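See below for the structure under consideration.
The values are calculated or read from the model by the stated rules, or taken from the named source; none is laboratory data. If you're wondering where the values come from, they're calculated on a predicted model, not measured in any experiment. A quick note on method: Cβ atoms are made from the backbone with ideal geometry, for glycine too, and the neighbour counts reach across all protein chains shown.
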Amino acid sequence: MKLKTKDLLTVDEISSKEFLELIDFSIKLKKENKTVKEKPLLKNKTLAMLFGKPSTRTRVSFEIGMLQLGGHTVNLSLNEMQHSRGESVEDTAKTLSRYVDAIVARVYEHSFIEKLAKHATVPVINGLSNSYHPCQTLADLMTIKEHKKKFKDLKIAWIGDGNNVCNSLIFGCSKTQTQIVIATPKGFEPNPEVVKKSSKYTVVDLTTDPKSAVKDADIVMTDTFTSIHMSDPKRTEKFLPSFQVNDSLMEKAKNDAIFMHCLPAKREQEVTSSVIDGPQSVVWDEAENRLHTQKALLLSLLSI
Ligand code: CP
Ligand code: NVA
């Protein structure tokens, strides 16, 4: 499949039809993993990976994904590039475009990746900015499709911080018409424009009450209370104890509800060990699916 967009920065660039196709394509790639390894569809293609923040899953899954498809990666730390000495994003984008077939970047300000995409002539993928994490959404919705076999008539309860992962997830819900309820303390809500836009396509509810949010939920999701770009050491106190996903909160969701977390997790803060390491948790499938969705994404952006 070929995506109409050149870049993936938020999730909203992809149509609902394309999003659903991308999820099914990812599931197909996962099933046919062996065949794809034998058929290097990205032979001699190159991906520059720019990291301005730490990463385990994003970095390794892109690197291994390219390797499995026969391509190559160039792993770059932003603070070792000339950008750290003042070279502009525009010049960085134009230079890299002359060497590689695609760029993935993990950055602080979302405007950085927007500028990178604007000036690069090759596809640019957001590997997480302060505002969005589209690759995570693809893996999350793939995991839901695998475990629940559908999107419609499902309810996701997001508990905690209305952050970058949450913003892209809301767009993902709008593409798949999955209902989402977001429970945050006051002042920690997701981007209101994302909520407003997505509400045209699906139910997006905001609340400050985690217990009501998880009632009848099919999926309970959370993320760290302190994202990489947050520095306030007292931030966690604003969420505890009510916004911790623990056994008592999970009991209020449906009996067959699954628990999801993009990882890395801080056990006994946003989630207890009993939940993340318990029978309802699908976090390792979720982490694995980063690999399959990113392979599907790379193939779709590079029109193979
Ligand atoms: N979920 C996620 O993006 O993990 P990393 O920060 O390890 O890449
Ligand atoms: N919200 C987290 C996600 C990490 C994958 C962060 O931005 O640090």
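Every condition in (1) more than 23 Å from Val11 (Cα to Cα); (2) crowded, with 16+ Cβ neighbours inside 10 Å; (3) without any contact (Cβ under 8 Å) to a residue 40 or more places away in the chain holds for Glu270 except the one numbered (3). No other residue among Val104, Val165, Val100, Val124 is surrounded by 23 or more Cβ atoms within 10 Å (Cβ to Cβ) and away from ligand 2 (no atom under 16 Å from the Cβ) apart from Val124. Given the condition assigned to a loop (DSSP other than H, G, I, E, B) and more than 15 Å from the chain's Cα centre (by Cα), answer yes or no: does some residue in segment 55-68 qualify? For segment 55-68, residues assigned to a loop (DSSP other than H, G, I, E, B) and more than 15 Å from the chain's Cα centre (by Cα): absent.
Residues of segment 15-51 that are assigned to a loop (DSSP other than H, G, I, E, B) and more than 17 Å from the chain's Cα centre (by Cα): Glu32, Lys39, Pro40, Leu41, Leu42, Lys43, Asn44, Lys45. Counting the residues of segment 144-182 that are among the polar types (S, T, N, Q) and away from ligand 1 (no atom under 16 Å from the Cβ) gives 5.
Here is the figure for segment 240-268: residues that are within 13 Å of ligand 2 (Cβ to nearest atom) and either modelled with pLDDT under 95 or not aliphatic (A, V, I, L, M) (or both) total 4. Go through Arg106, Arg98 for me and flag whichever is at pLDDT 95 or above and more than 16 Å from ligand 1 (Cβ to nearest atom). Of Arg106, Arg98, the one residue that is at pLDDT 95 or above and more than 16 Å from ligand 1 (Cβ to nearest atom) is Arg98. Candidates Ser231, Ser248: the one that is polar (S, T, N, Q), away from ligand 1 (no atom under 16 Å from the Cβ), surrounded by fewer than 17 Cβ atoms within 10 Å (Cβ to Cβ) and assigned to a helix (DSSP H, G or I) is Ser248.
Looking only at segment 131-143, decide whether some residue is away from ligand 1 (no atom under 16 Å from the Cβ) and either assigned to a loop (DSSP other than H, G, I, E, B) or in contact (Cβ under 8 Å) with a residue 24 or more places away in the chain (or both). So far as segment 131-143 goes, no, none of its residues is away from ligand 1 (no atom under 16 Å from the Cβ) and either assigned to a loop (DSSP other than H, G, I, E, B) or in contact (Cβ under 8 Å) with a residue 24 or more places away in the chain (or both). Give segment 99-155 a look and list any residue that's more than 18 Å from Thr5 (Cα to Cα) and acidic (Asp, Glu), or say none. Residues satisfying the conditions are Glu109, Asp140, Glu146, Asp153.
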